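A short worksheet on the structure shown next.
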């Protein structure tokens with residue numbers, strides 16, 4: 001974290017411990033039960049009431065719904081690790097530079113002032129030419 005963001009950040013980790021239901025009905029599709037949640041300060045002085053997995057879980061859901069290879073019980077997977085890496089990179093380029101997010105009303109890269117316009121897919125293709 002310090003290498004990416006510097007020493008002046010507040011960083012905490014939330015660990016959720018999951019287990020099986022003592023009276024299992026349908027095990028294959030049933031999610032595990034959250035048995036405990038443990039928040040730990042890693043660096044700085046984070047506000048413990050703001051430690052949450054909501055942003056990461058929302059990102060994971062959006063990625064799973066947007067890319068079939070991350071949908072459970074599918075055969076649309078990458079046979080080569082290199083293909084998976086390229087697919088994820090394309091997804092994040094599109095999501096951050098092209099797709100207008102509903103809450104931001106612009107792509108995240110524009111909100112962060114990394115770019116001044118909404119990119120097109122052609123703009124992404126031009127990066128590799």
Residues of segment 35-80 that turn out to be surrounded by fewer than 12 Cβ atoms within 10 Å (Cβ to Cβ), under 20 Å from residue 101 (Cβ atoms) and in contact (Cβ under 8 Å) with a residue 24 or more places away in the chain, as a count: 1
Sort out for me the helices (runs of 4 or more DSSP H) sitting completely within segment 18-129 that have 2 or more residues that are under 23 Å from residue 5 (Cβ atoms) and modelled with pLDDT under 90. 54-66
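The values are calculated or read from the model by the stated rules, or taken from the named source; none is laboratory data. From a predicted model like this one, the values you see are computed outputs, not experimental measurements. We place every Cβ from the backbone using ideal geometry, glycine too, and count neighbours over all the protein chains shown.
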